[in-house]
Amino acid sequence: MVQFSLISLVVIAIVAVIFAVSISNSIRARALDALAQDVIADSSGRLLSVITPADLETPMTGERYDRFDKFVKESIVSERVARVKLWAQDGTVIYALDPATVGQKFPDNEHLLTALRGEVATAIKIRNDPENERESFLGTLMEVYTPVRFSDSTVPQGAFEIYQY
């Protein structure tokens, strides 16, 4: 009887752990989806209203960078949004709050590639990624990659990357 009780206890514990992990993963996935939808509805819409297809052709510099940077800092960055990047279709950083990142390419970014194919992608920021090494001081962030499509096209011309706390 003692052996049966111990075996039952172990089986119940294993089932409980599996159930708890499954529920935790489901809650996390729903929370990430909800945050991603907030970003798409709020920040991406405002960003898309101030750029044109020509803005995605070359990295922003000088006055062009300054104007867009001012807009991002005044209208997008908030207690919820930490950073913003704008990417060209070829994977070049067109705009970033950190100007040293502008003009760089990160060809191995699978989430960016997903957005450039037309799908929204989310990720929890990994501090050791080469793309994020200059932003590690911000702590753990969720990245939402959103395709940039203009009204006259169904194909993404670029992507927004919005970092949320």
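The values are calculated or read from the model by the stated rules, or taken from the named source; none is laboratory data. Computed from a predicted model, the values in this text were never measured in an experiment. Here the Cβ is made from the backbone with ideal geometry for all residues, glycine too, and neighbour counts use every protein chain on show. When the accessible area is computed, the model is the full protein with side chains, heavy atoms only, and any ligands, DNA or RNA have been set aside. Shrake-Rupley method; radii C 1.70, N 1.55, O 1.52, S 1.80 Å.
Name every residue in the stretch 74-89 that is open to solvent by 60 Å² or more (accessible area, probe 1.4 Å) and either in contact with a Ser or Thr (Cβ under 8 Å, 6 or more places away or on another chain) or within 19 Å of GLU143 (Cβ to Cβ) (or both), in order of residue number. Within the stretch 74-89, GLU79, ARG80, GLN89 qualify. On the stretch given as the stretch 6-47, residues that are modelled with pLDDT of 70 or more, open to solvent by 60 Å² or more (accessible area, probe 1.4 Å) and not β-branched (Val, Ile, Thr) total 8.
Per this entry, PRO107 is counted among residues that are over 19 Å from ASP55 (Cβ atoms), modelled with pLDDT under 90 and touching a Gly at 6+ places or on another chain (Cβ under 7 Å). Report whether or not ARG64 is open to solvent by 40 Å² or more (accessible area, probe 1.4 Å), modelled with pLDDT of 90 or more and of a type outside the set (Gly, Ala, Ser). Judged against the criteria, ARG64 is a match. For the stretch 94-122, which positions are touching a Pro at 6+ places or on another chain (Cβ under 7 Å) and part of a strand (DSSP E or B)? Selection gives ILE94 alone. Cβ-Cβ distances below 9 Å connect the following pairs, each with a first residue in the stretch 143-165 that is without any contact (Cβ under 8 Å) to a residue 60 or more places away in the chain and more than 16 Å from PHE106 (Cα to Cα), a second residue that is open to solvent by 20 Å² or more (accessible area, probe 1.4 Å) and acidic (Asp, Glu), and a separation of six or more residues or different chains: PRO147/GLU119.
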